[in-house]
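The values are calculated or read from the model by the stated rules, or taken from the named source; none is laboratory data. Everything numeric here is computed off the predicted structure, so don't read it as measured data. Cβ placement follows ideal geometry from the backbone for every residue including glycine, while neighbour counts extend to all protein chains displayed. The protein model used for the area step is the full one, side chains on, heavy atoms only, and it has no ligands, DNA or RNA in it. Shrake-Rupley method; radii C 1.70, N 1.55, O 1.52, S 1.80 Å.
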Amino acid sequence: MDQLQLLTGIGIAIFSLGVLGFLTRRSGIIALMCLELMLNGVNLCLVSFSRQHASADGSALVMLIILVAAAEAALALALFVALFRQNGSVELDDYRMLKG
Amino acid sequence: MESLYRTASNFGDWLGAQSLIYFPVVSVLILAAIILGAVPVLVLAERRGAAWIQRRSGPNRVGPFGLFQTVADAIKLIFKEANLPKRAHLFLFLLAPALAVIPPFVALAVIPLGGDVLFGPNAYPFQGVNLSVGLLFFLAISSLHVYSVLTAGWASNNKFSLMGGLRSSSQMISYEIVIGMAIVSLVITYGTLDLREIVYLQQSTSGALPAWGVFKQPVVFVLLWICSFAETNRLPFDLPEGESELVAGYHTEYSGLTFALFMMGEYVAMLAASAFLSTLFLGGFNIPFITEAELLKFFLDMNIEQTAASIMTVACQFAALAAKIGFFMWVFIWVRWSLPRFRYDQLMSLGWKVLLPISVMNVIGTMLYSYFAAGGAA
Amino acid sequence: MIEPTILQYILGTLILSTAILTVLGKNPVMSAMSLMGTLFLTGLLYFTVGAHFVGTVQILIYAGAICVLLIFIVMLLDLKPHNVRIPGRKPVYLFAGGISALFATGLVISTLPALGTNGMLDSGVIAANNLVEDAQSAKAISLTLLSKYMLPFQVTALLLLAAVMGVVVIGQKNKLTDSEGKGS
């Protein structure tokens, strides 16, 4: 097993766990945590590819992804706080207003 | 004496012939030993210093001048009952003191403690680990200190602790932003993130003064000094553990060894902040007006063998660093017993409305200065 | 073919266990703390492959800021522990999902040597000249970011500004809806 294979394998595993959690959990904030796990898995794969080709492109993309993840997490949390103030719960099952 | 030198040089040759991983391990162990030895001295210094400021004599019964007072305190805390609140989340309750102690130790690992120790042809830096991004690493590890406060506050199952924990963590993250902006202007000035290079850049003299960072970026010095008070939860930013306001804040429910760990974590965090400030602004381990090469040559001229001479040079440099750290620690203790505590809204408005604009303006000023001082479009 | 070090195996195991704890944890605070652990350990994993700058930034931003914000909000909203729901209410679906994820992982990993390094990584040329470390240093990353990826960099800056303004606006207490919302 190569170092790159190990790192990419771990990255894919974290991504899959994130997908599993995102589709499964009921609470919105835990779904957000699983979203962060997904982004983190992608970051790990990108860093291992950056090492493989000895280029800075992968790492630069990782920096951009980290920044975007920070902005998105902050916004999502602000939305959850506003929703909680409105309705009293952050569970995704309670928000069915758009359902036909 | 000569046989001692021969043994030392043989040992040095043997050590140098080993692979490169042993000396970092040795450095880390020496560092840990130094920190663990310094904490009891600091606790005593705080109590005696507080007493001196308040015109009374502090602990002076246990041992000569009260030197063993901290040992007595430690023994008392070990035998005190470490209570666990009834419906507290046990894992996080016990994790919080560990999270308070570990990040400052790790942060101290990237501080350069001395010059290079020469074993034969190899030069080993007297530092825990010499990262090329040491400055940013220190900031990253310091930002993990927030978790101890948060988990301690929440896991205690106590309203006062939760409030103290939330307030303290919001204070710490607000002042971290100011530290980040201040570090940006420092990076522009020094041009590197490597702490060892920053220390070596402050070695020479410019005019009559040593080329220390405090003369190049005085505003950042003041900003980082204030923010280090906020980050370590020391007075005047003491509200989270304000005794008269919130019982004891986030560590209300802790007693015995867990409380001792929190206190130890606070002192090691103070040490880390002092070391950080002295590395960036007061020239680190440099002795003012004497370069490392001159010092090494001074010892080599006394016909001392190379390894021993380099060890003595490093010892002198470490003593210089210890003096600077001691100065900052004394100021920590001095301010604690001199200034009143900030109110929470005063604290937050100071961080966001005063310090953050100052740091941003400083970044812009530094950018403009470095652009025009380098001759325009350099 | 560079063998993974023991530290990387240990870190990999720890990362997977904290990630499983995040996904399947009942208590939201415990979930958030194990997310912090996962992100911190991933940062350490970046250090072991020589990406010091990316690792430091990961610890600084992900583990040190995003997770603090998450834990803050969880404590603020006072979320209670609740049971984890299994998709389709049958454990066999979980098992099937796990097996297919494992299969997909193995498929991707088996194609990896074909992605090509021009033999440089294997022959030790890169390792000998510290090229990997230099290529992932702060200087190289920032040069790439400010030259090749200048447009995404600026757009990300705008995005952050928009996010800050959005958070301030959304997080405000709207006096109208609050007084009306009390009845609902």
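Listed values, structure above:
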| read-out | value |
| --- | --- |
| Qualifying residue in the range C:109-119 (condition: within 24 Å of the chain's Cα centre (by Cα), at pLDDT 70 or above, surrounded by fewer than 16 Cβ atoms within 10 Å (Cβ to Cβ) and under 30 Å from A:Ala73 (Cβ atoms)) | no |
| Conditions (1) under 30 Å from B:Ser174 (Cα atoms); (2) surrounded by fewer than 24 Cβ atoms within 10 Å (Cβ to Cβ); number of the one not met by C:Ala32 | (2) |
| Test: residue in the range C:62-80 that is in contact (Cβ under 8 Å) with a residue 60 or more places away in the chain and of a type outside the set (Ser, Thr, Tyr) | no |
| Those residues of the range B:324-354 which are of a type in the set (A, V, I, L, M), buried (at least 17 other Cβ atoms within 10 Å of the Cβ), touching a Ser or Thr at 6+ places or on another chain (Cβ under 9 Å) and more than 18 Å from B:Ser169 (Cβ to Cβ), in sequence order | B:Ile325, B:Met329 |
| C:Leu24 within 11 Å of chain B (Cβ to nearest Cβ) and open to solvent by 10 Å² or more (accessible area, probe 1.4 Å) | no |
| Selection status of A:Phe22, in contact with a helix residue (DSSP H, G or I) (Cβ under 7 Å, 6 or more places away or on another chain), within 30 Å of C:Glu3 (Cβ to Cβ) and either in contact (Cβ under 8 Å) with a residue 12 or more places away in the chain or not charged (D, E, K, R) (or both) | no |
| Qualifying residue in the range A:1-19 (condition: under 23 Å from C:Ala162 (Cα atoms), at the interface with chain C (Cβ under 7 Å from one of its Cβ atoms) and assigned to a helix (DSSP H, G or I)) | no |
| Lone unmet requirement of (1) over 14 Å from the mean Cα position of the chain (by Cα); (2) surrounded by 19 or more Cβ atoms within 10 Å (Cβ to Cβ); (3) within 7 Å of another protein chain (Cβ to nearest Cβ) for A:Gly58 | (3) |
| Matching residues, the range B:168-178, being out of contact with any Ser or Thr (no Cβ under 7 Å at 6 or more places or on another chain) and more than 11 Å from every other protein chain (Cβ to nearest Cβ) | B:Ser168, B:Gln171, B:Ser174, B:Tyr175 |
| Test: B:Ser143 is free of Cβ contacts under 8 Å to residues at least 40 places away in the same chain and either touching an Asp or Glu at 6+ places or on another chain (Cβ under 7 Å) or more than 14 Å from chain C (Cβ to nearest Cβ) (or both) | yes |
| Subset of the range B:48-74 [open to solvent by 90 Å² or more (accessible area, probe 1.4 Å) and either within 19 Å of the chain's Cα centre (by Cα) or not aromatic (Phe, Trp, Tyr) (or both)] | B:Arg55, B:Arg56, B:Arg61, B:Leu67 |
| Criterion (at the interface with chain C (Cβ under 7 Å from one of its Cβ atoms) and within 28 Å of C:Gln172 (Cβ to Cβ)) met by exactly one of A:Leu23, A:Leu67 | A:Leu67 |
| Selection count where residues are within 11 Å of chain B (Cβ to nearest Cβ) and either in contact (Cβ under 8 Å) with a residue 60 or more places away in the chain or more than 23 Å from B:Ile179 (Cα to Cα) (or both), scope the range C:45-61 | 6 |
| Single condition B:Ala98 does not satisfy, out of (1) in contact (Cβ under 8 Å) with a residue 24 or more places away in the chain; (2) surrounded by 16 or more Cβ atoms within 10 Å (Cβ to Cβ) | (2) |
